[in-house]
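A.B. asks: Sharing a structure, written as structure tokens. Questions coming.
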């Protein structure tokens, strides 16, 4: 968790620096890890992640919402303020978009020193089919003013972060909010949203890290100035220290992950693989940019070989890949890295940042071949 103030009421974790040594995890980090969940990497065998395997991050508590009483309020700089019931939204023609969503802090626990927060390794990702209505349609019906520069989205989940009591709030520019694929979603994988995934309505911003897709959406407000709430101005920044404001986190960086081959050791997750021909498989994605290449190394990065790419089904969804590996006896480090259509490549070593955001280092899988 981000450092939540000082004093008796909001205790500081560790030494108060917001960083932790690599020797172990704090109790508070374990508590966060037990509340949230990553996708088991073998779940990448499914093109669409089953809802129960999709990664999950809940900042505060799952709010108690009853759809009969719930309304989406649309206000601020609009000509026609609205209060919409779920039935009103469902009565409009819907759209379904396949989206790979990744937490901005995915990979944080691999950094040293480690930022003290949700201790993700590499499993904070999933691909789902989201159904809802385009946000731009609701904004058009509300009559968005020409003076509006951003839309503020407020979730109904409330808690304390950074010493502030707050609802979870994020904003988008008017141009970003009007992208045709940005949805107000009420279904995930063909079923109503489950409570932990934002029931009854959530925002889906394809191509962006998951923090932008506000859950349990309660209101949309058009404003004349950029919104500087906590989740915009202080959280989710590429900063290099506690006093560095840094740049905002936005689109997902290019990444690939491998389905670990063979069978795992229970504790270490090191893989046991039989010698001979082994088909390695995985997925690769980027923030609304096509994947142009995936490479695999079986010798710790000394040599790289092109993998076979599967057909792309959605520019906002992951792309499958496979590689035929001739496994020889011994201990090996398998690695995969992706390149997107803009030439961005996964890095072998991850640059460090204070909040542990946007980590996309190459994926390493330790195997023992017998």
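The values are calculated or read from the model by the stated rules, or taken from the named source; none is laboratory data. Just so we're clear, the structure is a prediction, and the values are computed from it rather than from any experiment. Counting neighbours? That spans all protein chains shown, and the Cβs are built from the backbone with ideal geometry, glycine included.
Each row is one residue, and each column tells you yes or no for (1) touching a residue at least 12 places away in the same chain (Cβ under 8 Å); (2) under 21 Å from the mean Cα position of the chain (by Cα); (3) surrounded by fewer than 21 Cβ atoms within 10 Å (Cβ to Cβ).
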site: 88; (1), (2), (3): no, no, yes
site: 92; (1), (2), (3): yes, no, yes
site: 104; (1), (2), (3): yes, yes, no
site: 147; (1), (2), (3): yes, no, yes
site: 158; (1), (2), (3): yes, yes, yes
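A.B. asks: Still on this structure: Please determine whether any residue of region 160-174 is exposed (fewer than 15 other Cβ atoms within 10 Å of the Cβ), part of a helix (DSSP H, G or I) and either without any contact (Cβ under 8 Å) to a residue 60 or more places away in the chain or not assigned by TED's automatic domain parsing to the domain that holds residue 220 (or both).
C.D. replies: no
A.B. asks: Which count do you get for residues in region 352-370 that are more than 19 Å from the chain's Cα centre (by Cα) and either closer than 21 Å to residue 253 by Cα or surrounded by 13 or more Cβ atoms within 10 Å (Cβ to Cβ) (or both)?
C.D. replies: Going through region 352-370, the residues more than 19 Å from the chain's Cα centre (by Cα) turn out to be 364-370.
Now restrict to residues that are either closer than 21 Å to residue 253 by Cα or surrounded by 13 or more Cβ atoms within 10 Å (Cβ to Cβ) (or both): 364-369.
Going through region 352-370 one residue at a time, the tally reaches 6.
A.B. asks: Something else: Give me the residue from region 242-262 that is out of contact with any helix residue (DSSP H, G or I) (no Cβ under 8 Å at 6 or more places or on another chain) and more than 24 Å from residue 294 (Cβ to Cβ) and, out of that set, surrounded by the most Cβ atoms within 10 Å (Cβ to Cβ).
C.D. replies: Per the stated criteria, the residue is 246.
A.B. asks: If you check 326, 298, 338, 286, which single one turns out to be more than 21 Å from the chain's Cα centre (by Cα) and surrounded by 13 or more Cβ atoms within 10 Å (Cβ to Cβ)? Give the derivation first.
C.D. replies: Details: 326 fails: surrounded by 13 or more Cβ atoms within 10 Å (Cβ to Cβ); 338 fails: more than 21 Å from the chain's Cα centre (by Cα); 286 fails: more than 21 Å from the chain's Cα centre (by Cα).
So the residue among 326, 298, 338, 286 that is more than 21 Å from the chain's Cα centre (by Cα) and surrounded by 13 or more Cβ atoms within 10 Å (Cβ to Cβ) is 298.
A.B. asks: Within region 333-354, how many residues are in contact with a strand residue (DSSP E or B) (Cβ under 7 Å, 6 or more places away or on another chain) and either under 30 Å from residue 95 (Cα atoms) or at pLDDT below 95 (or both)? Full working, then the answer.
C.D. replies: So in region 333-354, the residues in contact with a strand residue (DSSP E or B) (Cβ under 7 Å, 6 or more places away or on another chain) come out as 333-341, 345-346, 353-354.
Among the residues that remain, those that are also either under 30 Å from residue 95 (Cα atoms) or at pLDDT below 95 (or both) are: 338-341, 353-354.
So the count comes out to 6.
A.B. asks: Moving to a separate point now. Answer with yes or no whether residue 222 is over 23 Å from residue 63 (Cβ atoms) and in a strand (DSSP E or B). Spell out how you get there, then give the answer.
C.D. replies: Values: over 23 Å from residue 63 (Cβ atoms): yes; in a strand (DSSP E or B): yes.
Yes.
A.B. asks: Then there is this: Go through region 44-76 residue by residue and tally those that are free of Cβ contacts under 8 Å to residues at least 24 places away in the same chain, over 16 Å from residue 123 (Cβ atoms) and within 26 Å of the chain's Cα centre (by Cα).
C.D. replies: The total comes to 1.
A.B. asks: If only one of 131, 127 is within 15 Å of the chain's Cα centre (by Cα), part of a strand (DSSP E or B), in the same structural domain as residue 28 (by TED's automatic domain parsing) and within 28 Å of residue 42 (Cα to Cα), which one is it?
C.D. replies: Values: 131 fails: within 15 Å of the chain's Cα centre (by Cα).
127 is the lone residue from the list that is within 15 Å of the chain's Cα centre (by Cα), part of a strand (DSSP E or B), in the same structural domain as residue 28 (by TED's automatic domain parsing) and within 28 Å of residue 42 (Cα to Cα).
A.B. asks: Please specify each residue of region 190-216 satisfying the condition of being over 19 Å from residue 58 (Cβ atoms) and under 17 Å from the mean Cα position of the chain (by Cα).
C.D. replies: 206, 207
A.B. asks: Just to be sure, is residue 134 within 20 Å of residue 236 (Cβ to Cβ) and in contact (Cβ under 8 Å) with a residue 40 or more places away in the chain?
C.D. replies: Values: within 20 Å of residue 236 (Cβ to Cβ): no; in contact (Cβ under 8 Å) with a residue 40 or more places away in the chain: yes.
Considered against the rule, which asks whether it is within 20 Å of residue 236 (Cβ to Cβ) and in contact (Cβ under 8 Å) with a residue 40 or more places away in the chain, residue 134 comes out as no.
A.B. asks: All but one of (1) in a loop (DSSP other than H, G, I, E, B); (2) touching a residue at least 60 places away in the same chain (Cβ under 8 Å); (3) over 19 Å from residue 83 (Cα atoms) hold for residue 200, so report the exception by its number.
C.D. replies: (3)
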